[in-house]
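Read through the structure below, which is laid out as structure tokens, and then see the notes.
The values are calculated or read from the model by the stated rules, or taken from the named source; none is laboratory data. Predicted, not measured: the structure shown is a model, and the values here were computed from it. Cβ: placed from backbone, ideal geometry, glycine included. Neighbour counts: every protein chain shown. Note: areas computed on protein heavy atoms with side chains; ligands, DNA, RNA excluded. Shrake-Rupley method; radii C 1.70, N 1.55, O 1.52, S 1.80 Å.
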Amino acid sequence: MKRLIIYLLLFFLTGFLSAQQPVRTIGTLPNLVSETSGLVYHNSKLITHNDSGNTPQLFEIDTVSLEITRTITINNVDNIDWEDIAQDKDYLYIGDFGNNFGTRRDLAIYRISKVLYDQLDEVSAERINFSYEDQTTFEDNGNSDWDAEALVVIEDQLIVFTKQWQSNGTVTYGVPKTPGTYSAQRLDSFDIKGLVTGATYNPESRFLYVLGYSSILDSFLYRIEGASATRIFDGTIEQLSTNIGFAQVEAITAVDVDTYMISSELFTRETPFTTLQSSLFSFKTSDLAYVDPDPDPDPDPDPDPDPDPDPLPDVSVDEVVLYRSIEESVLRYEVPATQFLIARAIFDTMGRLISYDTGTDLDTKTIDLGALPKGIFYITFYFGDRKTSRSFANY
């Protein structure tokens, strides 16, 4: 039976970024990642890395304390100039394609199995080597248009965004996700009037966000609807107000369907004396989750389907029940049997996302609170086009 589009309206503090929801500063990042250059959210933790000349390591960061909780070494590659990290369901992808002067002939994207990453603190990467199909000169003429600092995954393709020092625009290139050596195919371009330093594609909402700054470190953020693996800028493009001000913003990642985080690098200058700390920011949008309105047909359709099936009763999601015993650090819940639970999330009282679970993680109807500090938290349950929230105490 053909399904309808399901929209998932997420938690409180929603609203368009340009108006109701400015970017919020979460805090200062640890000194060990002060040159943060890429950012993804995986297993309820942020993953970041430093840029050129630093160690070939990934760092997991707790989203509440901002402490580094784990360090993972990539043992078979160097950090020549790591500039971004992206992910799909199975892999992490590190973009070693920083190329300020346009002279590099060893551009690469490193692919890391998430299964191995989750289990080990030292892993090997597979190489995806590439060059730009239309780069014909590799002379050092100062900062060039062949630098790149942003990487996303859209469908079955990696998308690289150039950072054009001369033109103040960006060109996108497509690279396959499988190991090998490729000529990156030019897709399209956009006169963004600045330096692109990060991007993230949210597969839940199908929106693309592109981040960067001007020549005077005035940050910018673009929201793009309708990006595909072959055309990036054909859809609706909207520049959003960020209120970050002056910062060397370097990376952005989607946390869930309408929550994003941004990291900035430490910036110092002697004349005039300026210091901008490496920081973490967050913002929320009014983006909605999307489900394909015309999925693959049922391979074994009902030969005599009910022409007018009874709809599910409109049961209030307020019937969600939370309970726990004093002796256990486990939160248990029950949801109406007639409602389809899509996701659940836990937030602290500042609105910071602590965890976000989907799929088989929902089957147990229990949540281990052992890793949470003492305090008041909110849990939100998402049921297709509606949601409900409850507060609870962890003691």
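Values as computed for the structure displayed
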{"read-out": "Restricting the range 73-95 to residues that are within 19 Å of the chain's Cα centre (by Cα) and free of Cβ contacts under 8 Å to residues at least 60 places away in the same chain, the residue that is most open to solvent (accessible area, probe 1.4 Å)", "value": "Lys89"}
{"read-out": "Verdict on Gly98 being at positive phi, assigned to a loop (DSSP other than H, G, I, E, B) and at pLDDT 95 or above", "value": "no"}
{"read-out": "Flag for Glu204 being modelled with pLDDT under 95 and among the acidic types (Asp, Glu)", "value": "yes"}
{"read-out": "Residues satisfying the stated conditions in the range 19-53, i.e. buried (at least 18 other Cβ atoms within 10 Å of the Cβ) and under 13 Å from the mean Cα position of the chain (by Cα)", "value": "Gly38, Leu39, Val40, Tyr41, Leu46, Ile47, Thr48"}
{"read-out": "Residue tally, condition modelled with pLDDT under 95 and touching a Phe, Trp or Tyr at 6+ places or on another chain (Cβ under 9 Å), over the range 53-79", "value": "1"}
{"read-out": "Any hit, the range 74-88, residues being under 18 Å from Ala148 (Cβ atoms), out of contact with any Leu (no Cβ under 6 Å at 6 or more places or on another chain), assigned to a loop (DSSP other than H, G, I, E, B) and among the aliphatic types (A, V, I, L, M)", "value": "yes"}
{"read-out": "Condition check for Thr242: out of contact with any Phe, Trp or Tyr (no Cβ under 9 Å at 6 or more places or on another chain), assigned to a loop (DSSP other than H, G, I, E, B) and modelled with pLDDT of 70 or more", "value": "no"}
{"read-out": "Residue match in the range 194-216 (condition: more than 21 Å from Phe97 (Cα to Cα), of a type in the set (D, E, K, R) and surrounded by fewer than 21 Cβ atoms within 10 Å (Cβ to Cβ))", "value": "yes"}
{"read-out": "Residues (at pLDDT below 95, of a type in the set (Ser, Thr, Tyr) and in contact with a strand residue (DSSP E or B) (Cβ under 8 Å, 6 or more places away or on another chain)) located in the range 260-277", "value": "Thr268, Thr274, Thr275"}
{"read-out": "Of all residues in the range 343-395 being assigned to a strand (DSSP E or B), in contact (Cβ under 8 Å) with a residue 24 or more places away in the chain and of a type in the set (Val, Ile, Thr), the one that is most open to solvent (accessible area, probe 1.4 Å)", "value": "Ile376"}
{"read-out": "Matching residues, the range 235-275, being of a type in the set (Asp, Glu), under 20 Å from Gly194 (Cα atoms) and surrounded by fewer than 24 Cβ atoms within 10 Å (Cβ to Cβ)", "value": "Glu238, Glu265"}
{"read-out": "The range 220-234, subset open to solvent by less than 30 Å² (accessible area, probe 1.4 Å) and free of Cβ contacts under 8 Å to residues at least 40 places away in the same chain, residue nearest to Leu288 (Cα to Cα)", "value": "Ile224"}
{"read-out": "Boolean, Glu319 is of a type outside the set (Lys, Arg) and exposed (fewer than 13 other Cβ atoms within 10 Å of the Cβ)", "value": "no"}
{"read-out": "Any hit, the range 149-170, residues being crowded, with 23+ Cβ neighbours inside 10 Å, in contact (Cβ under 8 Å) with a residue 40 or more places away in the chain, of a type in the set (D, E, K, R) and within 30 Å of Thr136 (Cα to Cα)", "value": "yes"}
{"read-out": "Hey, Asp118 part of a loop (DSSP other than H, G, I, E, B) and open to solvent by 10 Å² or more (accessible area, probe 1.4 Å) or not", "value": "no"}
{"read-out": "Single residue of Ala148, Ala108 found to be at pLDDT 95 or above and under 20 Å from Arg231 (Cα atoms)", "value": "Ala148"}
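Condition check ((1) of a type in the set (A, V, I, L, M, F, W, C); (2) modelled with pLDDT under 85) across all residues:
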residue	(1), (2)
Asp306	no, yes
Pro313	no, yes
Val317	yes, yes
Ala337	yes, yes
Thr358	no, yes
Asp361	no, yes
Lys374	no, yes
Ile379	yes, no
Ala393	yes, yes
